[in-house]
Amino acid sequence: MLIDGKLVEADSGKTFDNVNPATEEVLGQVADASATEMHRAIDAARRAFDESDWATDRALRKRCLEQLQEALESEREELREELILEVGCPRMITQGPQLDAPLEGALKYPAKLIDEFEWETALPDAIGLTGAMTVKRVWKEPVGVCGAIVPWNFPFEVTINKVGQILATGNTMILKPAPDTPWNATRLGRLVAERTDIPPGVFNVVTSSDHLVGEELTLSPKVDLISFTGSTAVGKRIMEKGAATLKRVFLELGGKSATVVLDDADLSIATLMGLGVCFHAGQGCAIQTRMLLPRSRYDEGVELLKGAMESVPYGDPQRPDVIMGPLISSKQRDRVMGYIEKGKAEGAKLVLGGGRPSHLDKGWYVEPTLFVDVDNQMTIAREEIFGPVLSVIPFEDDDDAVRIANDSNYGLAGGVFSASLERSLAVARRVRAGSISVNGGAPYGADLPFGGYKDSGIGRQNGVAGFDQYLEVKSVAWPVD
């Protein structure tokens with residue numbers, strides 16, 4: 001772990017296993033912290049914020065982010081192999097959002113914003129309450145100490161996007177990685193300690209097998225903001241527990257996103273979006289797990305989907321052609337299998353998959369699974385499964401499609417396909433979600449805000465909007481000379 005500038009083990013000497021989900025083999029161990037080490041990290045972050053010039057020295061922050069970028073690039077290939085092993089993510093996906101895509105922008109963009117952001121806004125001079133002409137300014141300042149709690153599905157991608165914006169804005173932080181995928185975080189801590197000028201206490205990494213150790217961040221009055229990516233249930237708990245100290249929160253939570261395929265769309269292209277549930281075995285919050293097909297072309301769309309999903313290459317994540325590896329754990333596999341059984345019991349028609357692949361005797365795999373004739377009130381259409389399961393739902397017309405897409409507790413992402421861009425955009429404007437793919441476009445990048453409506457969260461990651469959420473606003477006035 002990294003606490004107050006030092007690479008340390010747990011005080012107790014305890015460790016826990018890091019397990020390869022593709023082989024079920026133990027990769028190695030990682031320090032298993034208690035609340036004691038977490039509080040030491042919180043104290044270090046508080047002290048670094050209150051007593052150092054990190055919050056005000058923008059040049060230092062920019063230099064440190066550039067140093068960290070260089071350090072990560074020097075170990076890119078080692079990090080790639082590490083992610084494949086501990087996350088079970090296919091090699092192909094590390095060439096995109098698991099590693100290479102965030103490495104191109106997650107630190108570079110906020111480092112650039114340090115110079116470009118409007119830290120001070122000058123308002124027109126005006127007569128103040130005293131009757132004198134007054135100078136008015138608005139200053140943006142860092143929030144303080146941030147606790148960053150990250151999930152296991154895209155651990156490096158989520159972590160580095162938080163790190164870039166939290167540190168660029170002048171905050172200090174404690175990173176609590178998921179116990180399923182700790183090594184990318186401890187590597188990051190080592191690089192910060194060994195390859196950057198980031199002062200002690202500014203960046204801390206605390207690993208633990210106990211989720212309640214992470215909750216100490218939410219409970220501590222010394223922590224000003226929690227930046228959490230994960231399930232809606234845990235996000236709600238963070239809001240509840242953080243209310244006692246009026247904790248600011250950024251919550252990027254679950255989704256049940258819908259692809260709306262309008263009746264004039266090219267189905268051979270649009271139905272390929274259904275393969276998203278196989279991408280990293282469906283373990284992505286923004287994956288579009290509901291596909292809405294027009295009744296007039298429903299059978300045609302189902303056949304295309306079935307053919308595409310039957311041909312999905314899955315298995316050993318080391319294979320260069322694979323887009324789908326294992327689920328992260330046996331617990332997650334069993335959870336997904338439970339949803340599949342629920343889908344069958346509630347009357348959805350299973351046309352593909354639904355079981356554990358017979359040709360893979362090791363690893364926590366589930367077959368690509370396709371349900372059709374799904375009613376939007378069924379459990380598999382309403383709850384986030386986080387597995388390779390697609391629910392296909394028929395609709396009558398554009399209004400009906402929008403109604404079904406919005407009939408969800410979630411509002412994270414979605415997609416629209418039509419031969420008419422104007423028609424696609426009209427539907428996209430009506431779907432209540434934080435990001436919408438139009439005709440296959442990918443609304444992703446360090447400069448694009450990402451987050452959701454409704455139960456999908458509060459706040460945004462990335463872009464100027466994400467940068468701004470790690471800042472406080474101070475209004476200042478003084479008499480004109």
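So here's what we get for this one:
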| quantity | calculated |
| --- | --- |
| Positive dipole terminus of the chain, leading residue within Ala465, Gln318, Leu217 (C-beta point charges) | Leu217 |
| Extreme residue, positive dipole direction of segment 223-299, given options Pro294, Cys278, Ala243 (C-beta unit charges) | Ala243 |
| Area of Phe154 that stays accessible when all protein chains are in place (1.4 Å probe, Å², to 10) | 20 Å² |
| Helix 155-168 vs. the chain, principal-axis angle (Cα, 0 to 90°, nearest 10) | 30 degrees |
| Rounded accessible area of Tyr339 (nearest 10 Å², 1.4 Å probe) | 30 Å² |
| Whole-angstrom Cα spans of segment 357-481 along principal axes, big to small | 79, 44, 26 |
| Residue-normalised accessible area of the chain, given per residue in Å² at a 1.4 Å probe | 40 Å² |
| Sequence of Glu157, Glu120 from largest to smallest accessible area, 1.4 Å probe | Glu120, Glu157 |
| Antiparallel DSSP beta bridges within segment 91-180, as percent of all bridges there, nearest 5 | 55 percent |
| In Å², nearest 10: area of Phe279 left accessible to a 1.4 Å probe | 70 Å² |
| Val8, Val372, reordered so the largest accessible area comes first (probe 1.4 Å) | Val8, Val372 |
| Karplus-derived HN-Hα couplings along segment 285-299 (A = 6.51, B = -1.76, C = 1.60, θ = phi - 60°), whole Hz, x at Gly and Pro | 5, 9, 5, 7, 9, 10, 10, 9, 10, x, 4, 5, 10, 4, 4 |
| Structure-based [θ]222 nm, the chain - -39500 (n - 2.57) summed over DSSP H runs of at least 4, per residue, nearest 500 | -10500 deg cm²/dmol |
| Accessible carbon and sulfur surface of the chain relative to its total accessible area, %, 1.4 Å | 51 percent |
| Net charge of neighbours whose Cβ lies under 10 Å from the Cβ of Pro90, counting Lys and Arg as +1 and Asp and Glu as -1 | 0 |
| Mean projected area in nm² (Cα convex hull; one quarter of hull surface) for the chain | 24.5 nm² |
| Long-range HN-HN contacts of Gln461 with modeled amide H, under 5 Å | Phe450, Gly451 |
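The values are calculated or read from the model by the stated rules, or taken from the named source; none is laboratory data. Owing to the predicted nature of the structure, the values given are computational and were not obtained by experimental measurement. Note: ideal-geometry Cβ built from the backbone for every residue, glycine included; neighbour counts use all protein chains shown. The accessibility values were calculated without ligands, DNA or RNA, using every heavy atom of the protein model including side chains. Shrake-Rupley method; radii C 1.70, N 1.55, O 1.52, S 1.80 Å.
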